[in-house]
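Colleague: Okay, handing you the structure first.
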Amino acid sequence: MGGDHDLPNPGDLLSAALAACLDSTIRIIADRNGVVLDHLVVDVRSEVDVRGTHMVDTSVPVGFQGITCDICARAADGTDPALVRKIVVAAERSCVNLQTLRNGVTVETTLR
């Protein structure tokens, strides 16, 4: 979006918040189900066309056009892979940030 991109921008922070929320939700649900995760990586990639944000092209909507969450989860040997999939599905349903992004929320802005 401009600059050196040497620090996180708001889009980076939103993506990181989603990744962190999904990661922690998966870990909580796995723990509650007695599943030991040997490996978990949640990678979030967001697509944005900044022409709308920069008012270069007002026909381009402001905001992400798409977000992809890639989850690589591996449980301890002997764990049924179907159980790992069930945990990820439950986490997807329970992740506050993911559900907020999917379903939207009313946001009010005030100027004081």
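The values are calculated or read from the model by the stated rules, or taken from the named source; none is laboratory data. Here the structure is a predicted model, which is why all the values come from computation and not from measurement. Counting neighbours? That spans all protein chains shown, and the Cβs are built from the backbone with ideal geometry, glycine included.
Colleague: Quick check on my filter: what residues within region 85-108 are of a type in the set (K, R) and over 17 Å from L18 (Cβ atoms)?
Modeller: Listed by number, the residues that qualify are R85, K86.
Colleague: Still on this structure, I have one more. Of all residues in region 15-46, which are touching a residue at least 24 places away in the same chain (Cβ under 8 Å), assigned to a helix (DSSP H, G or I) and either in contact with a strand residue (DSSP E or B) (Cβ under 7 Å, 6 or more places away or on another chain) or of a type in the set (S, T, N, Q) (or both)?
Modeller: Within region 15-46, S15, L18, A19, L22, T25, I26, A30 meet the criteria.
Colleague: Among (1) surrounded by fewer than 14 Cβ atoms within 10 Å (Cβ to Cβ); (2) under 19 Å from L13 (Cα atoms), where does T106 come up short?
Modeller: T106 satisfies all of (1) surrounded by fewer than 14 Cβ atoms within 10 Å (Cβ to Cβ); (2) under 19 Å from L13 (Cα atoms) except (2).
Colleague: Given the residues S46, S15, S24, which is the only one that is at pLDDT below 95 and out of contact with any Lys or Arg (no Cβ under 7 Å at 6 or more places or on another chain)?
Modeller: None of the others qualify; the one that does is S46.
Colleague: Quickly run through region 90-107 and pick out the residues that are over 14 Å from the mean Cα position of the chain (by Cα) and of a type in the set (A, V, I, L, M, F, W, C).
Modeller: A90, V105, V107
Colleague: Within region 47-63, which residues are surrounded by 15 or more Cβ atoms within 10 Å (Cβ to Cβ) and not in a loop (DSSP other than H, G, I, E, B)?
Modeller: Within region 47-63, just V48 meets the criteria.
Colleague: In the set D77, D70, which member is under 15 Å from D23 (Cβ atoms) and either in a loop (DSSP other than H, G, I, E, B) or under 22 Å from the mean Cα position of the chain (by Cα) (or both)?
Modeller: D70
Colleague: Still on this structure: Does region 13-46 hold any residues that are among the β-branched types (V, I, T) and surrounded by fewer than 16 Cβ atoms within 10 Å (Cβ to Cβ), and which are they? Please lay out each step first, then the result.
Modeller: Residues of region 13-46 among the β-branched types (V, I, T): 25-26, 28-29, 35-36, 41-42, 44.
Listed by number, the residues that qualify are I28, V36, V41.
Colleague: Output the residues belonging to region 24-45 that are in contact with a Cys (Cβ under 9 Å, 6 or more places away or on another chain) and within 20 Å of A90 (Cα to Cα).
Modeller: S24, T25, I26, H39, L40, V41, V42, D43, V44
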